[in-house]
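Let me begin by presenting the structure, written as structure tokens, before commenting on it.
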Amino acid sequence: MLAASRADLSKAFCSYCGYPPMGPWRLRAHRVCMRCQMGMVLRAPPNAQPRYDEPFLIVDERLIVQAISHRAERLLSVKEPDGFGVPLEEFLVSANGDADGLTLALMAERAIAGDATPGSLELRTVRDPAISRAGRVVGCGPPPAALLILGAPKPDIQRSSNGVRPDAAKRRLPVHAAGGGGE
Ligand SMILES: [Zn+2]
């Protein structure tokens, strides 16, 4: 790998509240976030750090949760001490089945190794399979870890459809009469 392809970890953010560290950080780097007093200050590649309103998790190369942001706690209904050290799959799984689970592990491995190309895949929450998010994976640190950011919910294509195809009605199977319980 060329050095130039390695991720440049220069954007600082807090592992809990998600905000960049406050002013003094530039003069005197600190590890614990001075805003929320709960998160650690980590760094991600430029333009890849979480937005303040995006839930995210930090995982290691085995997809073990190292940190859960405040918003991810709410999305996943988990309290941070309970989430630490737990396999990611207890909270989030690939929306497309096991094949993508391997992909997620590979994305995390590559991100931790310093690959600057972000990975992305659709994930759904374990507690409610109806909640799906476009996940993206980038490296962060120190120490080296993978940052899994949960982006906007995937648009529901079926529900946003505003019309029925002309031939759809013909193909539809006969519908049982509502309330027809007589036998
Ligand atoms: Zn913070």
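Taken together, the values in this text are just the output of simple stated rules run on the coordinates, not laboratory data. Model, not experiment: these values are computed from the prediction. Counting neighbours? That spans all protein chains shown, and the Cβs are built from the backbone with ideal geometry, glycine included.
Some values worked out for this structure:
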item: Potential extension, GLU61-THR117 segment - 0.36 nm per residue separation minus Cα distance; result: 18.5 nm
item: Least to most buried among PHE56, PHE91 (fewest other Cβ within 10 Å first); result: PHE91, PHE56
item: LYS79, LYS11 arranged by Cβ crowding within 10 Å, fewest neighbours leading; result: LYS79, LYS11
item: Fully extended contour minus Cα-Cα distance, from VAL86 to MET38, at 0.36 nm per residue; result: 15.4 nm
